[in-house]
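The next block holds one structure in the form of structure tokens; read it before the comments.
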């Protein structure tokens with residue numbers, strides 16, 4: 001782990017967490033509870049944190065997707081408690097999990113490709 005990689009990944013998690021909260025707050029007809037928005041924010045920041053500290057040896061694309069899948073799973077399970085009109089509990093589960101993968105990919109893309117803060121052990 002390098003400090004540059006860690007800070008960029010966490011900062012991207014914070015930025016994307018804010019963006020995700022703004023999107024989620026704007027989509028729902030009822031204001032989302034503060035706990036739900038906190039859940040969304042923390043999940044994106046945690047994905048950035050895990051990407052920043054991970055030493056798994058794999059390409060950046062697979063690494064970002066895998067971290068989004070793994071870290072996003074528990075948050076997707078808790079998102080099933082949210083009542084979204086027109087979407088059942090499994091719909092919100094898969095949507096939240098898929099978005100975790102997307103955010104993991106974006107964080108890894110920005111960190112590894114744009115800022116060239118690749119994993120020291122990655123080939």
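The numbers here are math on the coordinates, done by the rules we state, and not lab data. Source: prediction; values computed, not measured. Cβ: placed from backbone, ideal geometry, glycine included. Neighbour counts: every protein chain shown.
General remarks:
- Helix-only [θ]222 nm of the chain, DSSP H runs n ≥ 4, -39500 (n - 2.57) each, per residue, nearest 500: -24000 deg cm²/dmol
- Chain lengthening between residue 35 and residue 2 when straightened (0.36 nm per residue, less Cα-Cα): 8.6 nm
- Alpha-carbon spread of the chain, three principal axes, descending order, Å: 45, 22, 18
- Principal-axis tilt of helix 89-108 within the chain, Cα atoms, nearest 10 degrees: 30 degrees
- Helix 3-27 and the long axis of the chain differ in direction by around 20°, with both axes built from C-alpha atoms.
- Between 0 and 90°, nearest 10: helix 60-79 axis offset from the chain longest Cα axis: 30 degrees
- Residues 112, 78, 43, 54 in ascending order of nearby Cβ atoms (within 10 Å, fewest first): 78, 54, 112, 43.
- Relative contact order [Cα under 8 Å, 6+ residues apart], the chain, whole percent: 34 percent
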